[in-house]
Amino acid sequence: MSAPLSPASSCGPSESFEFTPLQLAAHWGNVQEVRYLIDSGVQLDNGPDTALHLALRKCHSTIAILLLDAGANFELKDTHEDCPIHIACTFGLLNVVHTLCALGCRLEITDSRGLYPLHLAAKNGHTHVVRCLCAAGCNLDVHYGDNIRADITALKYGHNEIAELLDKLRATGQRDTYARQLVPTSKLYVRLIVRVFGNCGVGKTSLIKSLGAGLFSTLFRRSGSLQSNKSRPSSPISAQIEMDVTSRQNSLTFESSASYKSTKGIHIQNLEISNVGDVVVWEFSGQENYFPTYHHFLHPSPQTLTLVLFNLEDSPVVQVQQACFWINFIMAREAHEWSLFKVGPIVLVATHVDSTRAIKNQQGEWVSPDAQTTLETVEKLIPDVQYLHPSVIVMDSNVPASQPFKHLKSMLLTLKRDNLEKTIGMWTGLLESTLSWLAHLRKEYEQFPVIHRKAFYDLVRTSVNVLASDDHIRALLHQLHNMGEIFCINELVVISLAWFGLQLIGEFLSTEFLANVRATGVYTPDDFQASFNQFDALGTLQLMEALELCIQCEVDGETEYEFPIYNQTETLPGLWDSGDPRYRTTGACYGGVRLYASSNCHHLFTSIFPHIQIELRRAAIANSCNNDNDTDLYQWHHGSKLCTIALETLITLDTDERSSQYIEIKIRGPQQTSQYCFYFLENVIETVLQGIARVCPGLVMERHILSVHQLRIHCIEPYAYPSQLLSTAMLESESTLEITLQNTETEKFENVITLALFGDVELVSKIHWGCSLKVQHLPIAVKFKLARLLDPPHSHGRDWCLLALRLGLEPEKIATADSHSHSCTMRLLALTDCTIGALIANLQELGRNDTAEVVLRTSPLLQIIDNATE
């Protein structure tokens, strides 16, 4: 089959030709059609204007690369006497030029006007294409018909940057050196990352010093430890977590004693460890002030070893609570995509064993039943933690030459060997040269070692390799970031991590600094510079905004920065006035929710709430930009109030009678505002959840519903109906509309319509109840938690495979899930057509009440119907 294509539309032929379906599809940019025709085995090079030429003249790069990968002839000329390389250079199609160069395309070939590809790229100002051609080995001195070099062509058309590039390559004679730097080598190199967590006083700093101690320095570590131990209090310091997992007293504190000098911020240092090599150690302070920044640095990788320390001088309950807190803290901050991939292990380290009655075995290892019990308890409390090492390291952190340190180094060496072969093709001359150059760059930017990404690209080309493309430098930044040499955040590049962790984060969030900030946490740039004149105000504010510690606002035409983390304003009286006449009428609308972290995840919200306040301010600014000036947001320490003309919403961080933290969101409106209240509350909840997800994408949330009756009478702590109670009632009831729940505090019953829909029956037609939703609507963090629970083989076969059979999945699909997915459970949840309610029922019948309980607690109560997709 063929069809005529006019000369004008083809941009090439001087007369009408009959074109094949492939040529037509390439011309019109139909990627799917081109892919189908290629797979069908059609002829690729029908001409004289082939499908490749036609795609390039329309700048359809994706199609052009598809054709090249399929074997299209890239040396043919079209009716204009242009080869594909000429067209790609004329239009600046960098990916196509790169592909053609990789395939061995001739670069010293002229078009009908005698122009070489280099001239065409220079004439049209395509600097990146010029770099690519030069790296591929094109002749810099070729002259076209008028005896003009490409650099002169660039100058003629005003492209001075290209002319300077070509002149530099010609003058230095280093073009081949630069080109070789861009080619991956066979060198194997792994730089391990060690992350160290633990409360103040558990021995993090001592462990790191011992880990990096050389042969001679180890002789002095033990005597120093004896001196330091004498100054330590024998009773537990206040850094301990006073929480009992089996009792109702589970409050957490992270204060360090006045006599103890705690690490500030994040101490990042390079260690040369004997028999292991170069290691970057990240020591995270145990002071809670710094926790709101840690999520930026907790992206796991296969090259990372995570140590969680606890002190054997503490009670067993405190040991368990500290270990559980830090493991949950880390897991909550891991992005979803990492949850099911191979990452480095988490190792529990028990310190101060020398202060206990533990003994050593014949191998010189400490034997501590308390430490082993702590590990076993943690495994029971957090059954879905991945890559928790099966043994605990028991040590005196001041004795480098001891068996525990040898064990730790052996683990590092094993981790290095496991990852070494994965680095083949990663090392380049560009990386090696950049590592040397960074030392000079840090000296130049010593006062404020932060550079904009675009400026960094320019510096690399100026000082390291003039031929490096954006892709090369992007990959370089990724490598340097993973190696712990730099830190990239948004459009900023921090080139000194020591400064970043200690001087910026360590100072701006220190207890001493917080004691001198403005109580409102609001600064103009001038105010900030005046208050902290030792810092560059604009650069620091920009970096702190990238860390999401502040947000820029416009107030009466003046720029201000709001720091929720600095806000120390106390709760003002009258914020939720029970005497407000608008909300005292019989028909006034009240409602609300409490958001809890999943069970055993304690004390995580304190470091998250400032980010929620940032998200609320961002939403308020967006409303203002949309000409919705009726919204007003007032914020204080651990609280925010969002108002419209009619509605009031209160968002607060609080603690219940069991000392479990929660975020409470309650709303009230005048009579006949039920639907307005419902949608506004759902928007606020969504904003809060977005703030949580920015910090803790892996945190599983429970949504409890507040008693409307107690909200109406302004009860200080209204009863919250647990999420699993609501889910269970929906599963057991024949009609959701008839569900009533009893408030155990007042003995009164409340209807689910009153609790969830402000008593408005009309809203029922605009929502889907949670248990009737498909499993695909489960929150992504819940799906991954289920995967961590169901993926491992079960002793009685009660894992994902048996669940798949119960859900009616065909054997062929089960086999597919088992062979083509990192997580069989995730694949199962994507393939099955069952509802959340059916999933819960099948899990219970399977005898997996642990996973059924997870779904009962965390599944959505309802979902608003999206009319656009219904």
One quarter of the C-alpha convex hull surface, i.e. the mean projected area of region 584-624 in nm², amounts to 5.3
To the nearest 10 degrees, the tilt of helix 160-172 (Cα long axis) against the first principal axis of the alpha carbons of the chain is 80
Rounded to whole Å², per residue accessible area for region 775-864 with a 1.4 Å probe reads 44
Ordering 284-295, 482-493 by per-residue average of other C-beta atoms within 10 angstrom, highest first, gives 284-295, 482-493
Expressed as a whole-number percentage, the relative contact order of the chain with C-alpha contacts under 8 angstrom and at least six residues apart is 9
The correct ranking of 796, 407 by accessible area at 1.4 Å, largest first, is 796, 407
Put 395, 730 in order of accessible area, largest first, probe 1.4 Å, and you get 730, 395
Of the convex hull drawn through the C-alpha atoms of the chain, the volume per residue in Å³ is 224
Rounded to the nearest 10, the angle in degrees between the Cα long axis of helix 609-625 and the longest principal axis of the Cα atoms of the chain comes to 60
Relative to the chain, whose Cα atoms define the longest principal axis, helix 849-858 and its Cα axis are tilted in degrees, nearest 10, by 80
Rounded to whole Å², per residue accessible area for region 588-761 with a 1.4 Å probe reads 39
Answer check: region 110-188, Cα atoms, Kirkwood Rh, Rg/Rh ratio of 1.03
What the 5 Å binned alpha carbon P(r) of region 775-864 shows, as percent of pairs per bin from 0, is 3, 15, 28, 29, 17, 6, 2, 0, 0
Binned at 10 Å from zero, the C-alpha pair distances of region 588-761 give percents of 9, 37, 37, 15, 1
Compactness check, region 559-675: C-alpha Rg relative to the 2.2 N^0.38 Å globular estimate gives 1.15
A correct Stokes-Einstein calculation for region 426-516, using the alpha-carbon Kirkwood radius, 10 °C and 1.306 mPa s, returns a whole-number D in µm² s⁻¹ of 114
Kirkwood calc, region 21-182, C-alpha pairs only, radius in angstrom 16.2
Counting only protein heavy atoms and rolling a 1.4 Å probe, one gets per residue an accessible area for region 426-516 in Å² of 43
Heavy-atom accessible area of the chain with neighbours in place, 1.4 angstrom probe: carbon+sulfur share in percent works out to 50
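The values are calculated or read from the model by the stated rules, or taken from the named source; none is laboratory data. This is a predicted model, so every value here is computed, not measured. For neighbour counting, all protein chains shown are included, and Cβ atoms are generated from backbone atoms with ideal geometry for every residue, glycine included. The protein model used for the area step is the full one, side chains on, heavy atoms only, and it has no ligands, DNA or RNA in it. Shrake-Rupley method; radii C 1.70, N 1.55, O 1.52, S 1.80 Å.
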